[in-house]
Amino acid sequence: MTSASWSVMLVVTVNAILFHAMPRFSRPDILFAVTVPEAFAAGAGRALVARYRAIVWSGAAAALAISLLLPAPRPGSGRGGLLIMGVVAGNMMVALAAWLFAHRKARAHAVPPSDVRVASLVPRDTSLPGGALFAGGPFAILLATALLVYTYRRDVPDGAGSNDSLGFLALGGVYVAMMLTMAVSLARRTRQIAVDGPAAAAEQRFRRVNVLVLVLTGYAAAILLSATTVGSIPAFGDTVSGSVGFVLLPLMLFNFGVTFWMFRVGQGGQRAVAPAARQEVHGDATPDHAWKVGGLVYFNPHDSAMWVENRVGFGYTLNMGNPRAWLLIIGMILGPMIASRLLF
Amino acid sequence: MAGAVRVSLNLESPTPAYRQIANDLRRHLVEERLKPGDLLPPVRQLGVDLGVHFNTVALAYRMLADEGWLELKRRRGATVIARNAPRAVDRRQADHLLRQLAHIAAELRSVGMSSRQISSALRRLAQGARP
């Protein structure tokens with residue numbers, strides 16, 4: 001087996017595992033991005049899931065077999081690389097087609113959306129986990145690093161000038177600001193689906209963990225950027241390179257922990273709630289017809305929610321029918337572009 | 001705030017959304033499930049939860065503020081306040097509501113309810129029972 005075959009095997013296996021697990025991520029009464037009766041999802045719907053998974057793994061096995069038959073890529077020739085990319089892309093297409101096929105089949109069992117919407121009159125906690133002071137931590141880290149770089153500006157070697165370093169730190173600040181904007185909008189502009197009881201509590205916990213992940217992503221970016229910048233100053237180089245792992249390791253472990261926890265509790269934390277406690281909750285309070293491309297994109301101009309629960313995968317996605325969502329996307333694209341244009 | 005206090009919105013109802021929200025809120029206020037000092041969710045939050053524009057919720061809050069049930073403060077949301085009940089009866093408003101009630105009574109007669117059944121149902125509703 002060539003090294004290329006090993007790479008294909010790794011990518012194809014990860015892809016297959018991801019697609020295999022995909023139906024497990026949804027709420028218990030959402031199957032292949034379609035709202036169905038929970039009894040169907042737990043009963044007859046399992047045959048649909050089994051058929052979908054069989055196609056996903058057959059595609060993966062075929063991709064692997066083809067990669068084994070491919071000749072080893074010759075140095076300097078791009079043809080071998082292209083063939084490998086083609087095999088990986090083909091495998092991805094098969095998995096996606098299997099999803100779309102299952103989505104179409106599940107639509108025959110869709111439950112009509114309810115005409116009645118219910119909401120709690122109890123205000124919920126929409127603050128950032130840890131408060132504003134904790135959320136501002138990454139800015140403090142970047143500012144402290146900037147002050148250090150400015151103090152030791154004469155010690156920074158040529159080619160890694162302090163002006164460039166300060167520019168990168170400012171760009172890091174823009175990235176952190178973007179993460180915090182997303183965290184705030186996620187905390188405030190997401191619909192609460194379960195009105196009260198354990199289902200509502202689980203949903204609120206799930207949302208707050210997602211918000212915390214965004215805040216901690218800002219911390220990780222600030223720490224990494226600061227460590228790289230401070231590492232370029234000779235007086236701190238050795239100390240920083242040895243200690244950065246100690247700070248980043250807990251963040252990485254937290255991310256793994258969150259992924260595992262989300263897999264266990266499912267979308268909105270609802271798989272961890274007893275069926276009796278979520279009897280009142282049905283679906284994710286979004287109409288099926290507003291989900292496009294097999295449940296990947298949510299487009300509903302009549303829905304005031306900016307963020308809605310993902311139907312493919314964990315977490316939340318933007319309502320592309322909401323002008324505020326587009327403002328956020330444009331801000332996310334233009335923010336770093338304008339900042340780098342101004343700084344460098 | 002006592003237990004589960006909810007507001008519901010029927011998309012198929014001919015009653016405008018802001019009026020449905022105000023009606024539900026008023027019911028909770030009259031039945032004292034919402035008490036003076038209770039804070040209501042911000043208009044944007046309730047709007048997102050119900051899937052309506054925040055102005056729809058703001059209109060319902062304003063309606064109840066005009067009736068003396070709520071105090072609206074910029075950026076601090078709506079708070080339930082102690083209402084000086086019973087207020088002087090607004091004759092014009094009462095006549096308007098009684099006319100609506102007369103239409104509903106006629107509709108109830110036409111679907112087969114006797115006047116005795118209607119009056120006993122009205123008595124129960126006036127005492128705070130659910131339909």
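The values are calculated or read from the model by the stated rules, or taken from the named source; none is laboratory data. Because the structure is predicted, anything quoted here is derived from the model rather than measured. Backbone-built Cβ (ideal geometry, glycine too); neighbour counts: all protein chains shown.
Restricting the search to region B:33-60, which residues are free of Cβ contacts under 8 Å to residues at least 40 places away in the same chain and part of a helix (DSSP H, G or I)?
B:V43, B:R44, B:Q45, B:L46, B:G47, B:V48, B:D49, B:F54, B:N55, B:T56, B:V57, B:A58, listed by residue number.
Consider A:A277 carefully, then state whether it is touching a residue at least 24 places away in the same chain (Cβ under 8 Å), within 20 Å of the chain's Cα centre (by Cα) and either assigned to a helix (DSSP H, G or I) or surrounded by fewer than 20 Cβ atoms within 10 Å (Cβ to Cβ) (or both).
No: the conditions fail for A:A277.
Out of all the residues in region A:41-59, which are at pLDDT below 90 and either under 17 Å from A:A97 (Cβ atoms) or part of a helix (DSSP H, G or I) (or both)?
A:A41, A:A42 - these are the residues of region A:41-59 that are at pLDDT below 90 and either under 17 Å from A:A97 (Cβ atoms) or part of a helix (DSSP H, G or I) (or both).
Which one of B:L70, B:L108, B:L97, B:L125 is within 16 Å of the chain's Cα centre (by Cα) and over 14 Å from B:V30 (Cα atoms)?
Only one candidate qualifies: B:L97.
Any residue at all in region A:223-233 that is in the same structural domain as A:Y150 (by TED's automatic domain parsing), surrounded by fewer than 15 Cβ atoms within 10 Å (Cβ to Cβ) and free of Cβ contacts under 8 Å to residues at least 60 places away in the same chain?
Within region A:223-233, not a single residue is in the same structural domain as A:Y150 (by TED's automatic domain parsing), surrounded by fewer than 15 Cβ atoms within 10 Å (Cβ to Cβ) and free of Cβ contacts under 8 Å to residues at least 60 places away in the same chain.
For every residue, the table says whether it meets (1) over 30 Å from A:V308 (Cα atoms); (2) not in a helix (DSSP H, G or I).
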residue	(1), (2)
A:A235	yes, yes
A:V240	yes, no
A:G245	yes, no
A:L249	yes, no
A:M252	no, no
A:N255	no, no
A:V258	no, no
A:R264	no, no
A:G269	no, no
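So B:M63 fits all but one of (1) within 14 Å of chain A (Cβ to nearest Cβ); (2) in contact (Cβ under 8 Å) with a residue 40 or more places away in the chain; (3) assigned to a helix (DSSP H, G or I); (4) farther than 17 Å from B:R6 by Cβ; what number is the exception?
For B:M63, the exception is condition (1).
Looking only at region A:299-340, filter to residues that are without any contact (Cβ under 8 Å) to a residue 60 or more places away in the chain, more than 19 Å from the chain's Cα centre (by Cα) and outside any loop (DSSP other than H, G, I, E, B); which one of those is nearest to A:R27 (Cα to Cα)?
A:P323
Restricted to region B:1-46, and to residues that are farther than 27 Å from B:A82 by Cβ and crowded, with 17+ Cβ neighbours inside 10 Å, which residue is farthest from the other protein chains (Cβ to nearest Cβ)?
Going through the qualifying residues, I end up with B:A17.
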